[in-house]
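To start, I am sharing the structure in question, which I have written as structure tokens.
Laboratory data are not the source of any read-out in this text; all were calculated from the coordinates shown. All of these numbers come straight from a predicted model, not from anything done at the bench. Glycine gets a Cβ as well: all are built from the backbone with ideal geometry, and neighbour counts include every protein chain shown.
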Amino acid sequence: MSEILYQDARVLAVSKPAGQPVIPGRGDVGEPLLQELSRHLKARLYVVHRIDRPASGVVVFAKDPETHRLLSGLFETRRVAKKYLALVAGIPPQDGTIDAKLRIYGSGRTAADARGKPSLTRYKTIERYHEASLVEAFPETGRRHQIRAHLFSIGHPIAGDELYGDKRTAALAPRLMLHASEILFKGLLFPPFQAPIPADFQGVLEGAKAGPP
């Protein structure tokens, strides 16, 4: 069962484990998060947003149509502050802004392309290891695979990412090292929804700190 981070009469925030889809999708194995929570609570839930199946972290659901419209509107108008943790290959600058249009291709990949949609991600490097770095990423827009594609575009793909990067990048970790750590709805009385770093993520970080044997 996914960890419940916050719950009241209108909102449910949970910490999704890596590998579980938020909603049913083609080829997915196992019970999606939406079905799991609906079954557990014996109530209908409304999807406000999603994070990638291989990622972990905060996912928020509404409990009624009115709250769903409210929260969805905040996402659409960019009045939601989102923070992610990502372990990336290499050593990026201390901080930066990636302002690159993104376009979705038929392969399912997203890539920087002048014909794409405006996309903006800020990031801050908080720890440097031997072959990788831990960064905080703050997506200002919500494009498909935005953080993954943006970090790849500057030469620092996320460790464990089998879709972006190369075989070496994928081999750095047994999972996608992307964790949605915090969501804040601006102007509402909800507290920030924060998901602690899961054990599998922390284990990879400890290995990165130790370096090669």
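Most exposed first by the Cβ proxy, i.e. fewest other Cβ within 10 Å, how do 107, 38, 133 rank?
107, 38, 133
Ok, one more. For the chain, compute the number of Lys pairs whose alpha carbons are separated by less than 13 Å, excluding pairs fewer than 8 positions apart on the same chain. All intermediate terms of the calculation are to be shown ahead of the outcome.
Values: 42/63; 82/186; 83/124; 101/117.
Number of lysine pairs found: 4.
Turning to a different aspect of this structure: In nanometres, what is the gap between the two model label sites at residue 113 and residue 40, each 7 Å from Cα along Cα-to-Cβ?
Taking the simple label geometry, residue 113 and residue 40 are separated by 3.8 nm.
Something else now. Given the -39500 (n - 2.57) contribution per DSSP H run of 4+ residues, what per-residue ellipticity at 222 nm results for the chain, rounded to the nearest 500 deg cm²/dmol? It would help to have the intermediate numbers written out before the result.
On the way: 5 runs with 46 residues, N = 213.
One gets -6000 deg cm²/dmol as the mean residue ellipticity at 222 nm.
Of 181, 56, how do they rank once you tally other Cβ atoms within 10 Å and put the fewest first? Present the calculation step by step, with values, prior to reporting the outcome.
Working: 181 22, 56 27.
With the sparsest Cβ surroundings first, the list reads 181, 56.
Mean separation of Cα pairs under 8 Å and 6+ residues apart, divided by the residue count of the chain: what relative contact order is that in percent?
Working: 450 pairs, mean separation 42.4, N = 213.
After rounding, I find 20 percent.
In debye, nearest 20: dipole of segment 3-197 around its Cα centre with unit charges on the Cβ of K, R (+) and D, E (-)?
Numbers: 29 positive and 20 negative charges, 109 e Å.
Computed charge dipole of segment 3-197: roughly 520 debye.
Okay, moving on. Can you put 127, 206, 36 in order of Cβ neighbours within 10 angstrom, beginning with the fewest? Numbers along the way, then the final one.
Numbers: 127 12, 206 8, 36 16.
With the sparsest Cβ surroundings first, the list reads 206, 127, 36.
Send over the per residue convex hull volume for the chain, Cα only, as a whole number of Å³. Intermediate values should be presented prior to the final figure.
On the way: hull volume 27.3 nm³, N = 213.
Looking at the chain, the number lands at 128 Å³ per residue.
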